[in-house]
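Computed from the coordinates by the stated procedures, all read-outs in this text should not be read as laboratory data. Values in this document were obtained by computation on a predicted structure and should not be read as measured data. A quick note on method: Cβ atoms are made from the backbone with ideal geometry, for glycine too, and the neighbour counts reach across all protein chains shown.
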Amino acid sequence: MSRSTASRAINGGSRVSPEAQAAVDAAVIALAYTPNPAARSLVTRRTSSIALVINEPDARVMMDPFFAAVITGVTEALRETEMQLVLLMSRAGGDPSRTVRYLRGGHVDGAIVVSHHKADGWTEELAASGLPTVFIGRPWDENLGIHYVDVDSFQGARLAALHLAASGRTRLGTVTGPLDMTAAADRLAGWHAGLREAGLPPGPAAHGDFTATGGAKATEELLAQHGLDGIFAASDLMARGAITAIQASGRSVPGDVAVVGFDDHVSATGELPLTTIHQPMVEMATEAGRLLLADIENPGADRDPAIYPARLVVRASSGPKAG
């Protein structure tokens, strides 16, 4: 038979007669044939791999359950495919152009970008490259056509503010994430909107870095300067750090200071279950993987962002106020 018929039979049987398919299948078994991936890549211009790009230090990626959930979700999306996952950790403050050069060099068929910062410049460069790309988290410039998956961070932080106000807390502050990230900026804006809705002043804010250590340090600053009875931390790890700092100051949680986090990844563990905003990270990352696979097969298709609703989960850390 012709080479084209044999090729079609090996690659899925499109427009191949049952007799030809059976003959090719028998030959494959007899010869122990396996396709040459390098040769196939030259023809298809596909690498059968995608990149997961995380612009954070190695230590944070390994210790933060947020990133474990992302990897789990993306891996699930690729489970029934031949795609391999390549993990690129481009250190914050490093040279992002090195990562961009790799992505544009034909080494991968597409990329998922998570934990991106405003100064990275990846949105513009990746949009211009034509490489299928999906962001987890809203990109700063939504007009460039980059597809993305996100949780409604604004609404989640608004719910946190309204919950603390409804529990009788009136002196409220927040520990933000890095404000060069859209997640942190959206959560701060939602927090302020919730306070206005509750008839409360904006209150103080201290900046953290989405780590427990950063959350503890920011909370120490807030407690030293303000008599707070409620704190919203923009991630669960920072909320855990906040609880540590509050208790170290001789105050109790939630008796003296109520605490609300954001993520729901480590919230139910530890001595004090944490009130938080649920973020379905595994589901979101799986959807990002599916979107990327669709973009690879159909580049340039117009797709709406996948925005997941925020949900308040009330636990012990925002219980009744002392006295």
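So what is the calculated 222 nm ellipticity per residue for the chain, using -39500 (n - 2.57) for each DSSP H run with n of 4 or more, over all residues, to the nearest 500 deg cm²/dmol? Rounded to the nearest 500, the figure is -13500 deg cm²/dmol.
Among the GluC sites (Glu not before Pro) found in region 225-323, those both in a DSSP coil and sparsely packed, with 14 or fewer other Cβ atoms within 10 Å of their Cβ, are Glu271. Rounded to the nearest 10 degrees, the inclination of helix 18-31 to the longest alpha-carbon principal axis of the chain is 80 degrees. Each Lys or Arg adds one and each Asp or Glu takes one away; over the other residues whose Cβ falls under 10 Å from the Cβ of Trp140, this sums to -3. Here each label is just a point 7 Å from Cα along the line to Cβ, and for Ala224 and Gln247 those points are 2.2 nm apart. Among residues other than Ala77 with Cβ under 10 Å from its Cβ, the summed charge is -1 (Lys and Arg +1, Asp and Glu -1). Once log10 I(q)/I(0) by the Debye sum over Cα atoms at q = 0.10, 0.14 Å⁻¹ is calculated for the structure shown, the corresponding label among [x] -0.59, -1.17; [y] -0.64, -1.02; [z] -0.52, -1.04 turns out to be [y].
So for the chain: antiparallel DSSP bridges make up what percent, rounded to the nearest 5? Here the antiparallel bridges make up roughly 10 percent for the chain. Could you state the angle between the C-alpha long axis of helix 212-225 and the longest principal axis of the C-alpha atoms of the chain, as a value from 0 to 90 degrees rounded to the nearest 10? Result, in degrees: 20.
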